[in-house]
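Asks: Below you'll find the structure I mean.
Only the coordinates and a few stated rules stand behind these numbers; no lab work does. As the structure is a computational prediction, the values presented were derived from the model and not from experiment. Heads up, the Cβs are rebuilt from the backbone with ideal geometry, glycines too, and the neighbour counts pull from every protein chain shown.
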Amino acid sequence: MTGPLIRISPAGPAPQRRSVLSRRIRLLVAATITYNVIEAIVAITAGTVASSTALIGFGLDSVIEVSSATAVAWQFAGRDPERREKTALRIIAISFFALAAYITVASVRDLIGGAEAEHSPVGLILAALSLVIMPGLSYAQRRAGRELGSRSAVADSRQTLLCTYLSAVLLVGLAVNSLFGWFWADPLAALVIAAVAVKEGRDAWRGDACCAPGLTTTADAAAGCTDSCCADTDIH
């Protein structure tokens, strides 16, 4: 006796629209890689000078974002991006986990050892700039990725959005340390970065990037889409 048939929802946009979305994602990925390479160099250099675990961790996150964006670029460089979807998601997830592991060890070491980070004007400016730039890149890629039905593109957009949250955490941590001399604010901010990285890595590994059109069954749709990206209902 066979079970009930599960109807698959429409495959998504028409071929011409898919081509437009794929090209848009490649351009957004290129912009993300360019910005993050610059961000990584500046953050790691400034963090090393100031002995700031949070700033170094932020720079390493930028390196992870580059690897994540590169994985998506590699996926969409092929003729059949869907075939490379799972591999791209695995690369993104492992990158998150590696970042979390490094930051956790370094932060605990600094908290136990009482290491004090110095004031970093460069770090403050960088965090403020990223807080302004990254949300736009993330939003644009998430919309395109969701319409196309690409979980890896949406996962990468969430990596970019993570940079926004981390920018805010970094900005607060560096500011508190600079204004009040609370040495623990820097490693504490870094631990917040690590915790968020673990969550994002787990979601990417499980493929929970988004309830993307064309990737869900009728049963999935009936269960409801609870991801934050599903709030983007106004897609053109």
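Asks: Return the distance in nm (one decimal) between the two label points of a simple spin-label model at Ala195 and Arg79, each offset 7 Å from Cα along Cα→Cβ.
Replies: For Ala195 paired with Arg79, the spin-label model returns 4.9 nm.
Asks: What's the FRET efficiency of Leu179 with Leu27 using the Cβ-Cβ distance as r and R₀ = 35 Å, to the nearest 0.05?
Replies: On the way: r = 40 Å, r/R0 = 1.14.
Taking R0 as 35 Å, the efficiency between Leu179 and Leu27 is 0.30.
Asks: Points 7 angstrom from Cα along the Cβ direction at Ala14 and Ala128: gap in nanometres?
Replies: Output for this residue pair reads 4.8 nm.
Asks: What is region 12-67's relative contact order, in percent, from Cα pairs under 8 angstrom and six or more apart in sequence? Intermediate results must be reported in sequence, preceding the final value.
Replies: Values: 38 pairs, mean separation 18.3, N = 56.
Computed over region 12-67, the figure is 33 percent.
Asks: Let me ask you something else. Using the Kirkwood formula over every pair of different C-alpha atoms, what hydrodynamic radius in Å results for region 15-231?
Replies: Values: mean 1/r = 0.0570 Å⁻¹.
Kirkwood radius, region 15-231: 17.5 Å.
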